[in-house]
Each structure stands twice: as C-alpha cells, then as structure tokens.
Amino acid sequence: MLRGPRPASQPHSGRLHPGRPHPGYPHNCHDLYPKIRLMAGFPISKETMRYIYELLIQLQPMARWNLPPSEEVEFVPINDRTCYGEFEVPNVIKLSRAKIGHLDTAIKTMAHELVHYKRYLSRDEAWDKHDERFSEIAHKVSLVMGFDPKEF
C-alpha cells in the first residue's frame with residue numbers, strides 16, 4: 001500500500017516497522033563481526049611486522065637509508081609492558097603486543113626503531129641513544145610521515 005508523504009511530526013525512524021529491527025539485520029556490532037571480541041587490539045605478528053617494515057622502507061626518508069630487505073631482518077613480537085619496541089644488533093626488530101593496540105602505533109614504533117637501525121648501519125656509536133642526532137632524524141621522519149615529533 002502506498003502512502004503519502006510522512007507528516008513532519010512523524011520523523012522517519014529508518015526502519016521498515018518502527019520498534020522492530022530490519023529482518024535479518026544484526027542487533028549489534030558483535031553480530032556483524034563475531035571475532036571482534038577475541039581481538040584485544042592490532043595483531044602484532046612476524047608477518048604484520050614484516051609488512052610494516054616493507055611499507056616504511058619504500059617511503060621517504062627511509063628509502064634513502066639503504067636498509068636491508070625484510071628477509072635479512074628478524075622480526076620478534078614481544079609481550080613487554082615497559083616499552084613499545086626495540087632494535088637489537090645486528091638485525092632484530094621487536095614490537096610489543098602488550099603496548100601496541102593500533103596499526104598507527106605499530107607504524108610509528110617501527111619507524112622509531114628504523115631510526116636506530118639507520119644509525120647502527122651508519123656506524124654511529126650512539127645508535128641506541130635518544131640524543132640530538134636521533135631527534136634530528138626523528139623530526140625529519142615525523143614531518144614527512146605526518147607524525148607528532150613530540151610523540152615520536
């Protein structure tokens with residue numbers, strides 16, 4: 001049955017039958033995405049770490065740093081609640097599942113560890129320090145990548 005326009009006093013609820021959900025329509029996001037309850041955050045794994053590394057080494061300024069291909073780097077997910085990530089010589093990058101719950105945090109943390117990696121490959125004796133040289137490189141990365149330099 002066709003009806004005329006709805007009076008302004010009766011706003012459209014967006015449902016076929018006000019008071020009842022659409023047939024077959026999930027009642028909440030967990031019905032749409034049942035696995036969402038199982039995930040505590042972004043899934044840090046060796047594979048996701050490798051993908052993030054591959055992405056970053058193709059972007060400026062990291063593309064100019066002559067970082068090795070991902071096959072030559074060991075990626076280690078850790079459960080450390082005291083740090084987001086860590087670079088260990090000669091080629092180990094660690095990201096913490098306990099601290100990283102979002103993709104953007106994983107990308108920023110990987111970029112941070114790549115600054116340490118770059119300094120190590122450049123034979124900088126202070127490669128593990130957050131000194132003035134680290135801040136200069138981090139600032140450039142932040143400007144190009146759109147990161148907050150104070151957070152990076």
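The values are calculated or read from the model by the stated rules, or taken from the named source; none is laboratory data. Note that the coordinates shown come from a computational prediction; the quantities given were computed from them, not determined experimentally. All Cβ positions, glycine included, derive from the backbone under ideal geometry; neighbour counts span all protein chains shown.
Given the structure, is Gly101 surrounded by 12 or more Cβ atoms within 10 Å (Cβ to Cβ) and within 15 Å of Arg50 (Cβ to Cβ)?
Details: surrounded by 12 or more Cβ atoms within 10 Å (Cβ to Cβ): yes; within 15 Å of Arg50 (Cβ to Cβ): no.
Against the criterion (surrounded by 12 or more Cβ atoms within 10 Å (Cβ to Cβ) and within 15 Å of Arg50 (Cβ to Cβ)), Gly101 does not qualify.
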Looking at region 79-97, which of the residues that are touching a Lys or Arg at 6+ places or on another chain (Cβ under 9 Å) and surrounded by 16 or more Cβ atoms within 10 Å (Cβ to Cβ) is nearest to Ala126 (Cα to Cα)?
-> Phe87
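If the requirement is being under 23 Å from the mean Cα position of the chain (by Cα) and modelled with pLDDT under 55, which of these qualifies: Leu38, Leu56? If you could, list the steps in order and put the result at the bottom.
On the way: Leu56 fails: modelled with pLDDT under 55.
Every option except Leu38 fails the conditions.
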Check region 115-123 and report whether any residue there is in contact (Cβ under 8 Å) with a residue 40 or more places away in the chain and of a type in the set (Phe, Trp, Tyr).
-> yes
Output the residue which, of all residues in region 40-63 that are loosely packed, with under 12 Cβ neighbours inside 10 Å and of a type in the set (S, T, N, Q), is farthest from Lys140 (Cα to Cα).
-> Gln58
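Is it the case that some residue within region 105-115 is in a loop (DSSP other than H, G, I, E, B) and of a type outside the set (Val, Ile, Thr)?
Step one: filter region 105-115 for residues in a loop (DSSP other than H, G, I, E, B), giving none.
Scanning region 105-115, I find no residue that is in a loop (DSSP other than H, G, I, E, B) and of a type outside the set (Val, Ile, Thr), so the answer is no.
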Pick from region 116-152, criterion hydrophobic (A, V, I, L, M, F, W, C) and in a helix (DSSP H, G or I), ranking: surrounded by the fewest Cβ atoms within 10 Å (Cβ to Cβ) | Leu143
State which residue is farthest from Leu67 (Cα to Cα) when the search covers only region 80-118 and only residues that are aliphatic (A, V, I, L, M) and more than 12 Å from the chain's Cα centre (by Cα).
-> Ala98
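Go through region 84-105 residue by residue and tally those that are under 13 Å from Phe147 (Cβ atoms) and not hydroxyl-bearing (Ser, Thr, Tyr). Spell out the reasoning first.
Just the residues of region 84-105 that are under 13 Å from Phe147 (Cβ atoms), to begin with: 104-105.
Next, only the ones that are not hydroxyl-bearing (Ser, Thr, Tyr) stay: 104.
Matching residues across region 84-105 total 1.
Does Asp31 count as surrounded by fewer than 16 Cβ atoms within 10 Å (Cβ to Cβ), at pLDDT below 60, out of contact with any strand residue (DSSP E or B) (no Cβ under 9 Å at 6 or more places or on another chain) and part of a helix (DSSP H, G or I)? Can you show your working first?
On the way: surrounded by fewer than 16 Cβ atoms within 10 Å (Cβ to Cβ): yes; at pLDDT below 60: yes; out of contact with any strand residue (DSSP E or B) (no Cβ under 9 Å at 6 or more places or on another chain): yes; part of a helix (DSSP H, G or I): yes.
Considered against the rule, which asks whether it is surrounded by fewer than 16 Cβ atoms within 10 Å (Cβ to Cβ), at pLDDT below 60, out of contact with any strand residue (DSSP E or B) (no Cβ under 9 Å at 6 or more places or on another chain) and part of a helix (DSSP H, G or I), Asp31 comes out as yes.
What number of residues within region 85-108 satisfy the criterion of being within 16 Å of Ser45 (Cβ to Cβ) and free of Cβ contacts under 8 Å to residues at least 40 places away in the same chain?
Summing the residues that are within 16 Å of Ser45 (Cβ to Cβ) and free of Cβ contacts under 8 Å to residues at least 40 places away in the same chain in region 85-108 gives 5.
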